[in-house]
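None of the figures in this text is laboratory data; all of them are computed from the coordinates on show. As the structure is a computational prediction, the values presented were derived from the model and not from experiment. When we count neighbours, we look across all protein chains shown, and the Cβ atoms used for this are built from the backbone with ideal geometry, even at glycine.
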Amino acid sequence: MSKFDNFDFNQALPLITEDTEFFPLISQEDEEEMNNEQTPEVLPILPLRNTVLFPGVVIPITIGRDKSIKLIKDAYKGDKTIGVVAQRDVSIEDPQFSDLNTIGTVAVIIKMLQMPDGNTTVIIQGKNRFQLQEELQEEPYFKAAVTKFEEVRPKLDKEFKAMVSSVKEMAMQIIQYSPNIPSEAGIAIKNIESTPFLINFISSNMNGTVSEKQKMLEVANLRTRAEMVLEHLTLELQMLELKNQIQNKVKVDLDKQQRDYFLNQQLKTIQEELGGNSPDMEIENLRARAMKKLWSKDTASHFSKELDKLARMNPAAADYSVQINYLEVLLDLPWNFSTKDNFDLKRAQKILDKDHYGLEKVKKRIIEYLAVLKLKHNMKAPILCLVGPPGVGKTSLGKSIAKALGRKYVRMALGGVRDEAEIRGHRKTYIGAMPGRVIQSIKKAGSANPVFVLDEIDKVGNDHRGDPSSALLEVLDPEQNNAFNDHFLELDYDLSNVMFIATANSLSSIQPALLDRMEIIEVNGYTIEEKIEIARKHLLPKQKELHGLKSKDVNLKNSVIEKIIEDYTRESGVRGLEKKIGAVVRGAATKIAMEEEYNINFGPQEVENILGAPIYDKDLYEGNEFAGVVTGLAWTQVGGDILFIEASLSPGKGKMSLTGNLGDVMKESASIAMAYIRAHAEEFGIDYKIFDQWDVHIHVPAGATPKDGPSAGITMLTALTSAFTQRMVKPHLAMTGEITLRGKVLPVGGIQEKILAAKRANIKDVILCKSNKKDILEIKESYIKDLNFHYVSEMSEVIKLALMDKKVKKPLDLTYKKASED
């Protein structure tokens, strides 16, 4: 549809002199050549809504319909020739072929422009007229068979020449009576040589309706068309003369209110002519939408003031679009609209159990929240923070919670967020201002009580643009978030009904004040038994569906899944397991696609053929047959793992060396262990001279991986004692715990992840601090039935439990010292 549809003749004439490239003057020879051009038998048809194209006339049109955009792009790549036909009814958005007039104009695309607002504008020039015969194509755009519409040229007698001269003079008089049209436009009209082009140009740009212009286009006789144009110009000239007479008789100074009203009415008319809404209509639409909102009196009053401010603004002002955007954001927010919670607790429990295997703590907390909400009917939503290694289902748990509650679900990724404005929004006075991502997400959810997942909250950064963690304090404080203030809104928004669920891999990088406002729920890693169930119930069916296989195409027994878990993955979650299962399923898909025979019940050999040789060795405890080698348990960001600590002695002067990319805390544990052994050497049967005559070297393998933390304290103690006494450590044994100089063993964290790592490594005995017994009691008994736990409180107890009486060789020789030292 044209950006200049139904454009007034008085407004269109200046364009002739302003841009001669787009509005050239056609000579008599050009017009004759154009009229003699052959009309194609088949043309793509472009419907025009508010304008009529005449031969020789150049007009810009803005393309908005999908069909029209496709037609223009295809034509622009080809011979650039199209057929242009006006609609019978301008109110029809998507016209059918029967809604088009039968007479149109062959047009050539001169230019295609991409406008700053994203629309496509094309400049087209009419050539000659045609008549529609038959529709040949409807999609993706109209194509029709056409025939040339022959024009009847009158004899150039005196009467016709006088008529054309009158048309020119009348057009120039209209320009003269219209002060907004430059006088140069009259000169341009006077210089048009071609009579048909003159009639067509004035017909195209005169102040008439589409139907009036279409009637002129359908007139074959040029004389008759000239008479119609002359009649229309005469009426227009009479109206202008009358208007000027009235203005000359009544010259009064309009006050500001009258002037604004007059200008607004003119602007309203222009907007309607351009096919858009007038400012008054936009304001009324906003006011009507506001009547339906369920907001408070303060919010309604604020909106009313801002709307009145918009009504006083000049629509051409830069702030006008900013103000409209602000009001639309206020209207789009779900101020007091909330979805109804589903209080069927048994249904909620079934949904949580179906979607996620294990995670009992989280499920219990959600059921508790639903139970209290069902009894009280009004409760501040909890701020839960799910902490655990990657791949354990923290993020996807949010969707299940939303499904169980019957609420909307929205997720905001916080990884790498460094700008405070992303949380609180920008001041609306800034160019390109927007609400913060919290408000945007609520707007997207369309509900005031969604389940809102704040993903990777431990990865929020900060720089010179502010501290997003501090901005989140108000969002996640149950005592404050009922009046969250976004800089863009300039109003308090109630977030107390939103159920926030944050996820994190580690608590160490979360701001303490922010951590204090959340309820921490640990989501630990899965045992092998849990992973088998998850793979069987969730991962394998999901991968079959993703790869287009039916349930009967692939079958993995529990033993095969266990092999994949033990030999090809080492993780707390199941993300890596899902990738390996996906690889197995792709192997089956390849066989099916190549129509090759394969064993549906994949066995260990088939899995190994697809995944290759096993990556990990589960017998990680091997190596304890050497004195000074101890297996410890460690916590990492991807879950639990085991590590070895090796201690060896060599003749020297009692120096201690530490290698293996150790942190300061771990080095301190080695120093404490060494000091304790020196102080209790007699108790362990160690000759005190050894400490002055032998150097100690402690090494933790996997030097590329940084290691730190106090939980390796008793492991360091056991390794050093084993080296000094040359007593071996008991096989299938691992330990974790912090030590002190006074000989105490202190509790450490990450127990469940460490125990799962021990079980994966085929460890049988685990030494822990007595205070960590409560962590073991929280683990299902079926998951730890093969493990023996030894609880200690003194460091001496660790040595008694960990070391065997058997020595690997004779006691260290202390007689090698030089005779001069005797």
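With no solvent and one equal point scatterer placed on each C-alpha of the range 345-522, evaluate the Debye formula and give log10 I(q)/I(0) for q = 0.15, 0.19 Å⁻¹, two decimals.
Log10 I(q)/I(0), no solvent term: -0.84, -1.32.
Which pairs break 21 Å Cα to Cα here: Lys354/Lys403; Lys363/Lys785; Lys399/Lys444; Lys531/Lys579; Lys350/Lys408?
Values: Lys354/Lys403 12 Å; Lys363/Lys785 24 Å; Lys399/Lys444 16 Å; Lys531/Lys579 13 Å; Lys350/Lys408 19 Å.
Pairs exceeding 21 Å: Lys363/Lys785.
What net charge do the residues around Tyr598 carry, taking every other residue with its C-beta under 11 Å from that of Tyr598, with Lys and Arg at +1 and Asp and Glu at -1? Kindly include the intermediate steps, with their values, before the conclusion.
On the way: positive: Lys591; negative: Asp553, Glu595, Glu596, Glu597, Glu606.
Charge balance in the 11 Å sphere: -4.
On a 0 to 90 degree scale, rounded to 10, what angle separates helix 345-355 from the longest Cα axis of the chain?
Once rounded, one gets 80 degrees.
Using Cα atoms only, what is the angle between the long axis of helix 222-249 and the major principal axis of the chain, expressed in degrees (0 to 90) to the nearest 10?
Roughly 80 degrees, rounded to the nearest 10.
From the backbone phi of the range 320-336, what are the Karplus-calculated ³J(HN,Hα) couplings (6.51 cos²θ - 1.76 cosθ + 1.60, θ = phi - 60°) in whole Hz, Gly and Pro given as x?
Karplus-based 3J(HN,Hα) across the range 320-336 equals 5, 5, 5, 5, 5, 4, 4, 5, 5, 4, 4, 6, 6, 6, x, 4, 10 Hz.
So what are the radius of gyration and Dmax for the Cα set of the range 629-807, in Å?
15.6, 51
If you keep only loop residues by DSSP, which chymotrypsin sites (Phe, Trp or Tyr not before Pro) in the range 621-720 have at most 11 other Cβ atoms within 10 Å of their Cβ? Walk me through the numbers on the way to the answer.
Values: sites: Tyr621, Phe626, Trp635, Phe644, Tyr676, Phe684, Tyr688, Phe691, Trp694; in loops: Tyr621, Phe626, Tyr688.
Answer by residue number: Tyr688.
If you scale each eigenvalue of the Cα gyration tensor by 5 and take the root, what three semi-axes come out for the chain, rounded to whole angstrom and sorted largest first?
84, 33, 26
Counting other C-beta atoms within 10 Å, and keeping those with at most 14, which DSSP coil trypsin sites (Lys or Arg not before Pro) do you find in the range 99-164? Before the final figure, lay out the partial values.
Working: sites: Lys111, Lys127, Arg129, Lys143, Lys148, Lys155, Lys158, Lys161; in loops: Lys155.
When the trypsin sites (Lys or Arg not before Pro) of the range 99-164 are filtered for loop state and at most 14 Cβ neighbours within 10 Å, Lys155 remain.
Below 11 angstrom from the Cβ of Ile610, what's the summed charge of the other residues (Lys, Arg +1; Asp, Glu -1)? Please list the in-between numbers first.
Numbers: positive: Lys580, Arg586, Lys591; negative: Glu606, Glu608.
Charge balance in the 11 Å sphere: +1.
By per-residue mean of other Cβ atoms within 10 Å, what is the highest-first order of 50-56, 774-780?
Details: 50-56: 25.1, 774-780: 13.6.
Per-residue Cβ counts within 10 Å, averaged per peptide and sorted highest first, yield 50-56, 774-780.
Using alpha carbon coordinates only, what is the Rg to Rh ratio of the range 274-332, with Rh defined as the Kirkwood radius? Before the final figure, lay out each step's value.
Values: Rg = 11.5 Å, Rh = 11.9 Å.
For the range 274-332, the value is 0.97.
To the nearest 20 debye, what charge dipole does the range 274-332 have about its Cα centre, counting +1 at the Cβ of each Lys and Arg and -1 at the Cβ of each Asp and Glu? Don't skip to the answer; put the middle values down first.
Numbers: 8 positive and 9 negative charges, 47 e Å.
So the dipole magnitude of the range 274-332 works out to roughly 220 debye.
Per the Kirkwood treatment, what hydrodynamic radius in Å, one decimal, follows for the range 528-611 from the mean inverse distance over all distinct Cα pairs?
It works out to 12.7 Å.
Okay, helix-only estimate at 222 nm for the chain: each DSSP H run of n ≥ 4 adds -39500 (n - 2.57), divide by all residues, round to 500 deg cm²/dmol; what do you get?
Details: 32 runs with 343 residues, N = 822.
Mean residue ellipticity at 222 nm (helix-derived): -12500 deg cm²/dmol.
Using mean Cβ contacts within 10 Å as the protection proxy, how do 481-488, 419-426 order, highest first? If you can, show how the numbers build up before the last one.
On the way: 481-488: 18.6, 419-426: 21.9.
Taking the mean over residues of other Cβ atoms within 10 Å, the ranking is 419-426, 481-488.
With r defined as the distance between the Cβ atoms of His547 and Lys350 and R0 fixed at 25 Å, what FRET efficiency is calculated, to the nearest 0.05? Write down the numbers at each step before the final one.
Working: r = 28 Å, r/R0 = 1.13.
My answer for the efficiency is 0.30.
Specify which residue in the list Ala402, Gly663, Ala290 is farthest towards the positive end of the charge dipole of the chain, using unit charges on the beta carbon of Lys, Arg (+1) and Asp, Glu (-1), about the Cα centre.
My answer, from the dipole projection, is Gly663.
For the range 427-582, how big is Rg over Rh, using alpha carbon atoms and the Kirkwood form of Rh?
On the way: Rg = 21.3 Å, Rh = 19.1 Å.
Radius of gyration relative to Kirkwood radius: 1.12.
Find how many whole Å separate the alpha carbon centroid of the range 296-324 from the alpha carbon centroid of the range 421-439.
Measuring centre to centre over Cα atoms gives 18 Å.
So for the chain, taking the charge dipole from beta-carbon charges (+1 Lys/Arg, -1 Asp/Glu), which of Ile714, Ala348, Asn378 sits furthest toward the positive end?
So the residue furthest toward the plus end is Ile714.
Cross-link candidates for Lys73: which lysines have Cα within less than 18 Å, leaving aside residues fewer than 8 places away along the same chain?
Filter leaves Lys111, Lys143.
Using the charge dipole of the chain (Lys, Arg: +1 at Cβ; Asp, Glu: -1 at Cβ; taken about the Cα centre), state which of Thr636, Tyr493, Leu746 has its Cα farthest towards the positive end.
Leu746
Compute the long axis of helix 575-593 from its Cα atoms, compare it with the longest principal axis of the Cα atoms of the chain, and write down the angle in degrees, 0 to 90, nearest 10.
With rounding to tens, the tilt is 60 degrees.
Excluding Thr339 itself, calculate the net charge of residues whose Cβ lies under 13 Å from the Cβ of Thr339, where each Lys or Arg counts +1 and each Asp or Glu counts -1. Could you put the intermediate results ahead of the total?
Values: positive: Lys340, Lys403, Arg407, Lys408; negative: Asp341.
Around Thr339, the surrounding residues sum to +3.
Between the range 127-169 and the range 707-777, what is the separation of their alpha carbon centroids in Å?
A separation of 96 Å, based on Cα centres.
Would you mind pulling out the separation of the Cα centroids of the range 390-418 and the range 482-501, in Å?
Cα centroid to Cα centroid, the span is 19 Å.
What does the charge dipole of the chain about its Cα centre add up to, to the nearest 20 debye, if the Cβ of each Lys and Arg holds +1 and the Cβ of each Asp and Glu holds -1?
Values: 108 positive and 117 negative charges, 611 e Å.
It comes to approximately 2940 debye.
Which pairs break 21 Å Cα to Cα here: Lys655/Lys730; Lys80/Lys168; Lys744/Lys764; Lys552/Lys580; Lys364/Lys754?
Lys655/Lys730; Lys80/Lys168; Lys744/Lys764; Lys364/Lys754
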